[in-house]
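Read through the structure below, which is laid out as structure tokens, and then see the notes.
Every read-out reported here was derived from the displayed coordinates using simple, explicitly stated rules and does not represent laboratory data. Not measured: the values here are computed from a predicted model. Note that each Cβ is placed from the backbone with ideal geometry, even for glycine, and that neighbours are counted across all protein chains shown.
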Amino acid sequence: MLHLTDRAAITAALASDIDPALRDLLATRAAALVTDDYDLTDCTEFLIVEEGDTEADIVAAVGFSPLVDPIDGYRIDERGFQPGWDWLADQGEWLELSFSFGSDAAVVTMIARTSALGNAIKDLMV
């Protein structure tokens with residue numbers, strides 16, 4: 001798991017030996033955080049969930065699970081589950097979920113499609 005919480009961490013991850021598809025996706029998302037009018041880099045976190053990472057690892061990193069309805073507490077496999085993410089996209093090898101918190105914070109989570117967590121989430125996309 002990679003938890004990128006600031007510009008330095010994002011820059012280091014982009015320069016590291018990460019999956020090329022992930023590097024391209026992360027570079028695109030990081031670039032979109034900066035324009036002539038604003039820079040949202042320091043209020044956006046990226047959480048990269050890889051094969052072998054667990055739900056408990058996600059909770060330890062960001063304080064919540066994408067597999068639990070944040071309002072009612074239903075789990076992803078329970079009737080009544082409503083996802084807490086604002087946006088979900090299939091990016092090939094990666095599933096991308098975005099969570100916003102008020103007007104000044106966001107967590108963008110990229111989950112390996114082949115991981116157990118990725119399998120649970122992609123089942124909702126059918």
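Over the stretch 2-125, the pair-distance histogram of Cα-Cα distances with 10 Å bins from zero comes to 12, 46, 33, 9, 0 percent, rounded to whole numbers. Only Lys, Arg, Asp and Glu carry charge here, each on its Cβ (+1 for the first two, -1 for the last two); on that basis the stretch 2-125 has a dipole of about 140 debye about its Cα centre.
Counting Lys and Arg as +1 and Asp and Glu as -1 over every other residue whose Cβ lies under 15 Å from the Cβ of Pro70, the net charge comes to -4. What does the charge count near Gln91 come to, summing +1 for each Lys or Arg and -1 for each Asp or Glu among other residues with Cβ under 15 Å from its Cβ? Every neighbour counted, the sum reads -2.
Neighbour counts of C-beta atoms inside 10 Å place Tyr74, Tyr38 in the sequence Tyr38, Tyr74, starting with the fewest. Ellipticity at 222 nm from helices only: DSSP H runs of n ≥ 4 in the chain, each -39500 (n - 2.57), divided by the residue count, give -8500 deg cm²/dmol. Think of the chain as having a plus end and a minus end, set by charges on the Cβ of Lys, Arg, Asp and Glu; of Ala12, Gly52, Val107, Gly52 sits farthest toward the positive end of this dipole. If the elastic network links every pair of Cα atoms under 10 Å, which of Glu51, Glu93, Glu78 fluctuates the most in the Gaussian network model of the chain? Greatest mean-square fluctuation among the candidates belongs to Glu78.
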